Amino acid sequence: MSNQNLLNTYDDDIVRKFLMACLIWAGVAFLVGLIAALQLAYWPLNLNLEWITFGRLRPLHTNAAIFAFAGNAIFAGIYHSSQRLLKTRMFNDTLSAIHFWGWQLIIVAAAITLPLGYTHGKEYAELEWPIDLSITLIWVVFAVNFFGTIAKRKEKHLYVALWFYIATIVTVAVLHIVNSIEIPVSFMKSYPVFAGIQDALVQWWYGHNAVAFFLTTPFLGLMYYYIPKIANRPVYSYRLSIVHFWALVFLYIWAGPHHLLYTALPEWAQTLGMIFSVMLWAPSWGGMINGLLTLRGAWHLLRTEPTIKFLVTAVTFYAMSTFEGPLLSIKSVNALGHYTDWIIGHVHGGALGWNGFLAFGMAYYLVPKLWKTELFSKKLANTHFWIGTTGILLYYISMWAAGITQGLMWRNIDASGRLLYPDFVETVTKIVPLYWVRALGGLFFLTGYLIMMYNITKTIQQGNAAKATETIPTPAHQMGSHEHETGHRKLEGMATVFTVLALIAILVGSVIEIYPTLSLHKYVKQENITSPYTALELAGRDIYIKEGCYVCHSQMIRPMASEVLRYGQPSTLEESMYDRPFQWGSKRTGPDLARVGSKYPNLWHYRHMIDPRTVTPNSIMPNYPWLVQHDTDFLILRKKLSVMKNLGVPYSDAEVSNADIDAQKQAQTIADDLQAQGAPAGLAKKEIVALIAYLQALGQKGVKK
Amino acid sequence: MKQEALTQFQDTHLTIIALMIFAIMFVGTIFFTYHKSRKSFFEKMQNLPLDEGGLQ
């Protein structure tokens, strides 16, 4: 094909690439998820192997699901629909290729570094700084390519799906950059500049908006393109889609603090998060209704077209999740649901139902189109649909039951004012059967996926990608008429203005929310009421982060009677003021650890870490035998303390320059104690001792002794 | 003491400002969107995804 001809065709090759990547990574994400689910049901599946222990596997699962599966799905859909909506080829094929290969490389880097324990210890932002930088770079490439395409478009007006893409690109950039401001300590280790409460707020502003602008807005854009496209009828109400867009984008950005209700976050920020989360219900459902009613008068398609079935069910799950989300943001409901499996169920309703099914529906539509053929088997697609739906329901219902059961057990206080279930592990064994049901749900979902892969492989085999190039209609009669334009119409022509407005919408919320908290923290710091970690404790803390203990343990005691009875006084802002990153956690598969310091003797921790069941029968916590084999890196501690000092932690010069020596001394004391209690000799330089030092320091640094 | 007071820190005016900004934005969007003169334009817009210039 000549160059000129090439320019007159859509670049579907890049769409095929992203789509294939999406489908392949999906398998990885689902499989790793299933293994992680099984590990919770049956702890020996941690296999005593550090690389696949739950604490490291779970971040791999979430990253694979979000950035590899959903990410590639978004890119496939955006590259496909934007070219058609803008009636032009992508801006630059080389940029497309760099975007594609760069993104896959990032995923591979994640798949290697996460099992090795290189992590920030912040959920969905685990990847270490060199990878963070690459993400920024590739995202910029994507942005340039996308906005370049908009600039050379042959359709004057921007359809609403494109608005959602623009908001996605701009906001994800802002979120990722702000949340990854960090100071490197070594090649694969860094500390965030924000500490404690600031870090918590920035992280959940990021975390929540990763859901909003990575898993929601781009998928809504896809919904607004593919549902009308496949049903071959316009969206129910274009007006509603505009209101939907602005209300959603504006409200979402404020909702992050609903992840921090009842924590040491200032009350006003919690209230703000709660109010905006509840309000978010309205635009979410507005969008949902708009998507569903697009099928008005064509409901029969729901029976005959598996593609439509997937899309409509996806939107239904979106409705469910966006109803449940605001519900869980109401403080009294949150008090029960937070830290439990209810949240895990909530997330998967969205991830499997909304993102998963939308991506599947899109794939069933795109593959035959891009390979110029028919879908190999509608029947198999229907089977996939039913097995997948059953899987999601099993998952959802079991996690609901598990979460509410455990939440109620945690807070149950008898007439004499004592906890009815003081042993945490009791509340765990109770829900283990439900963990099996959840794993079964995951197995169903994975089976459905495998059926789809078979179906799609067959489709591709019978198809012909080479013949499938679509030529772009001649620009002349496409370039919009020159009618007089006012208001929104002008706005739509002006992509730049639009982008700036969207940026303002998300920045207003971000600044009002985050800025006061930054200064608040400075204020608290001057009080200097907690002492920083010793060098050894810091080393232990980094091991805690590396092992992903935070995926099962919180460090944030909420101000409620049942929590105070179980864990001690509520956590204060100051107790985490030097925590980089903060480790408040979001899930209590195990008990809160904020005040575990001095609760048990060193030997207890030693035995517990090697095999939790020797001290707590029925525990589902993994064994950590390698902590007794690996040596602590003492030398790097000077660098670590010096970075911390530069970030404002009040270490003296002597503490920094003697960091390794001090640490070794403290390690020797603990090792001597362990040995006196019957543990083997020579543990001082082992990681286990540093970790014990950290655990024993938890809750011991503040005023409340 | 002071830190106790800080956790109770109530900056309600921030919440109110936020709500007001949203209210203004929302009313503005509704006004723009539901203005009569935009009807035909929206009809054109909503058909954009369906139109591939005769090519499927």
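Only one residue in A:T113, A:T171 is in the same structural domain as A:S237 (by TED's automatic domain parsing), among the hydroxyl-bearing types (S, T, Y) and farther than 27 Å from A:S277 by Cβ, so which one is that?
Of the residues listed, the single one that is in the same structural domain as A:S237 (by TED's automatic domain parsing), among the hydroxyl-bearing types (S, T, Y) and farther than 27 Å from A:S277 by Cβ is A:T113.
When residues of the stretch A:326-346 are filtered for being part of a helix (DSSP H, G or I), of a type in the set (A, V, I, L, M, F, W, C), within 20 Å of A:G256 (Cβ to Cβ) and touching a residue at least 12 places away in the same chain (Cβ under 8 Å), how many remain?
Residues that pass the stated criteria total 5.
Take the residues of the stretch A:607-627 that are of a type in the set (S, T, Y) and closer than 17 Å to A:A679 by Cα: which is surrounded by the most Cβ atoms within 10 Å (Cβ to Cβ)?
Residue satisfying both the conditions and the ranking: A:Y624.
Any residue that is in a helix (DSSP H, G or I) and touching a strand residue (DSSP E or B) at 6+ places or on another chain (Cβ under 7 Å) - is there at least one of those in the stretch A:600-610?
Checked the stretch A:600-610: no residue is in a helix (DSSP H, G or I) and touching a strand residue (DSSP E or B) at 6+ places or on another chain (Cβ under 7 Å).
Hey, among B:F31, B:F26, which residue is more than 7 Å from chain A (Cβ to nearest Cβ), at pLDDT 80 or above and within 19 Å of the chain's Cα centre (by Cα)?
Step by step, each of B:F31, B:F26 is checked, and only B:F31 is more than 7 Å from chain A (Cβ to nearest Cβ), at pLDDT 80 or above and within 19 Å of the chain's Cα centre (by Cα).
Please pick out the residue among A:T119, A:T88 that is assigned to a loop (DSSP other than H, G, I, E, B) and within 14 Å of chain B (Cβ to nearest Cβ).
A:T88
Name the residue, out of A:W299, A:W254, that is in a loop (DSSP other than H, G, I, E, B) and without any contact (Cβ under 8 Å) to a residue 12 or more places away in the chain.
A:W299
To keep it simple, each residue is scored yes or no on (1) closer than 24 Å to A:F187 by Cα; (2) free of Cβ contacts under 8 Å to residues at least 24 places away in the same chain.
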| residue | (1), (2) |
| --- | --- |
| A:D633 | yes, no |
| A:V643 | yes, no |
| A:E655 | yes, no |
| A:I661 | yes, yes |
| A:Q668 | no, yes |
| A:A671 | no, yes |
| A:Q677 | no, no |
| A:L683 | no, no |
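Looking at A:L133, is it more than 14 Å from chain B (Cβ to nearest Cβ), out of contact with any Leu (no Cβ under 7 Å at 6 or more places or on another chain) and without any contact (Cβ under 8 Å) to a residue 12 or more places away in the chain?
Yes; evaluated as a whole, the condition is true for this residue.
For A:R233, indicate whether it is within 14 Å of chain B (Cβ to nearest Cβ), touching a residue at least 12 places away in the same chain (Cβ under 8 Å) and surrounded by fewer than 24 Cβ atoms within 10 Å (Cβ to Cβ).
Judged against the criteria, A:R233 is a match.
Search the stretch A:253-271 for residues being in contact with a Phe, Trp or Tyr (Cβ under 6 Å, 6 or more places away or on another chain) and within 8 Å of chain B (Cβ to nearest Cβ), and hand back the single one that is surrounded by the most Cβ atoms within 10 Å (Cβ to Cβ).
Among those residues, the one meeting the criterion is A:W254.
I need every pair where a residue in the stretch A:595-621 that is among the acidic types (D, E) has its Cβ under 6 Å from the Cβ of a residue that is part of a loop (DSSP other than H, G, I, E, B), sequence separation at least 6 or different chains.
Matching pairs, first to second residue: A:D611/A:N623.
Could you list all residues from the stretch A:670-704 that are over 22 Å from A:T530 (Cβ atoms) and part of a helix (DSSP H, G or I)?
A:A671, A:D672, A:D673, A:L674, A:Q675, A:A676, A:E687, A:I688, A:V689
Which one of A:V202, A:V211, A:V235 is over 19 Å from A:A351 (Cα atoms), of a type in the set (A, V, I, L, M, F, W, C) and in a helix (DSSP H, G or I)?
Criteria check complete, one pass: A:V202.
Could you check the stretch A:200-210 and list, in sequence order, the residues that are touching a Ser or Thr at 6+ places or on another chain (Cβ under 8 Å) and farther than 14 Å from A:A269 by Cβ?
Answer for the stretch A:200-210, where residues must be touching a Ser or Thr at 6+ places or on another chain (Cβ under 8 Å) and farther than 14 Å from A:A269 by Cβ: just A:N209.
Being in a helix (DSSP H, G or I) and farther than 14 Å from A:D93 by Cα is the filter here, so list the residues in the stretch A:142-167 that pass it.
A:I150, A:A151, A:V160, A:A161, A:L162, A:W163, A:F164, A:Y165, A:I166, A:A167
If we keep just the residues of the stretch A:12-34 that are crowded, with 19+ Cβ neighbours inside 10 Å, within 24 Å of the chain's Cα centre (by Cα) and among the aliphatic types (A, V, I, L, M), which is nearest to A:F146 (Cα to Cα)?
Among them, the one singled out is A:L19.
Just give me the residues in the stretch A:142-177 being in contact with an Asp or Glu (Cβ under 8 Å, 6 or more places away or on another chain) and more than 12 Å from chain B (Cβ to nearest Cβ), in sequence order.
Listed by number, the list holds a single entry, A:H176.
Condition first: closer than 20 Å to A:T447 by Cβ, in the same structural domain as A:G33 (by TED's automatic domain parsing) and crowded, with 24+ Cβ neighbours inside 10 Å. Can you find one or more residues in the stretch A:312-323 that meet it?
The answer is yes; a qualifying residue exists.
List the pairs whose first member sits in the stretch A:279-290 and is buried (at least 18 other Cβ atoms within 10 Å of the Cβ), whose second member is part of a helix (DSSP H, G or I) and hydroxyl-bearing (S, T, Y), and whose Cβ atoms are under 6 Å apart, counting only residues at least 6 apart or on separate chains?
That search, which allows pairs on different chains as well, returns A:S284/A:T322; A:M288/A:Y318; A:N290/A:S241.
Identify the single condition in (1) charged (D, E, K, R); (2) part of a loop (DSSP other than H, G, I, E, B); (3) closer than 21 Å to A:A359 by Cβ that A:E126 does not satisfy, given that it satisfies every other one.
Only one criterion in (1) charged (D, E, K, R); (2) part of a loop (DSSP other than H, G, I, E, B); (3) closer than 21 Å to A:A359 by Cβ is unmet by A:E126, namely (3).
Could you tell me how many of the residues in the stretch A:330-366 are buried (at least 24 other Cβ atoms within 10 Å of the Cβ) and among the β-branched types (V, I, T)?
Here the count works out to 1.
Of (1) at pLDDT 70 or above; (2) closer than 30 Å to A:D579 by Cβ; (3) part of a helix (DSSP H, G or I); (4) away from chain B (no Cβ under 11 Å), A:Y533 satisfies all except one. Which?
With respect to (1) at pLDDT 70 or above; (2) closer than 30 Å to A:D579 by Cβ; (3) part of a helix (DSSP H, G or I); (4) away from chain B (no Cβ under 11 Å), A:Y533 is out only on (3).
Select from the stretch A:393-408 the residues that are surrounded by fewer than 24 Cβ atoms within 10 Å (Cβ to Cβ) and closer than 30 Å to A:K458 by Cβ and list them in ascending order.
A:L393, A:L394
Considering each residue of the stretch A:415-445, count those that are within 30 Å of A:F360 (Cα to Cα), surrounded by fewer than 20 Cβ atoms within 10 Å (Cβ to Cβ) and in contact (Cβ under 8 Å) with a residue 60 or more places away in the chain, and give that number.
Adding up the residues that qualify gives 2.
Across the stretch A:369-392, which residue is surrounded by the fewest Cβ atoms within 10 Å (Cβ to Cβ) among those that are touching a Gly at 6+ places or on another chain (Cβ under 7 Å) and outside any loop (DSSP other than H, G, I, E, B)?
The qualifying residue surrounded by the fewest Cβ atoms within 10 Å (Cβ to Cβ) is A:I387.
Considering each of A:S241, A:S321, A:S277 in turn, give the residue that is away from every other protein chain (no Cβ under 14 Å), of a type in the set (S, T, Y) and within 30 Å of B:I21 (Cα to Cα).
Just a single option satisfies the conditions, and that option is A:S321.
Kindly indicate whether A:N355 is in the same structural domain as A:K229 (by TED's automatic domain parsing), polar (S, T, N, Q), assigned to a helix (DSSP H, G or I) and over 19 Å from A:M20 (Cα atoms).
So A:N355 fails the test.
Being modelled with pLDDT under 85, at negative phi and within 7 Å of chain A (Cβ to nearest Cβ) is the filter here; which residues of the stretch B:42-56 pass it?
Once the filter is applied, which keeps residues that are modelled with pLDDT under 85, at negative phi and within 7 Å of chain A (Cβ to nearest Cβ), the stretch B:42-56 yields B:E52, B:L55.
The values are calculated or read from the model by the stated rules, or taken from the named source; none is laboratory data. Since this is a predicted model, take the numbers as computed values, not measurements. As a convention, Cβ positions derive from the backbone with ideal geometry for all residues, glycine included, and neighbour counts pool all protein chains shown.
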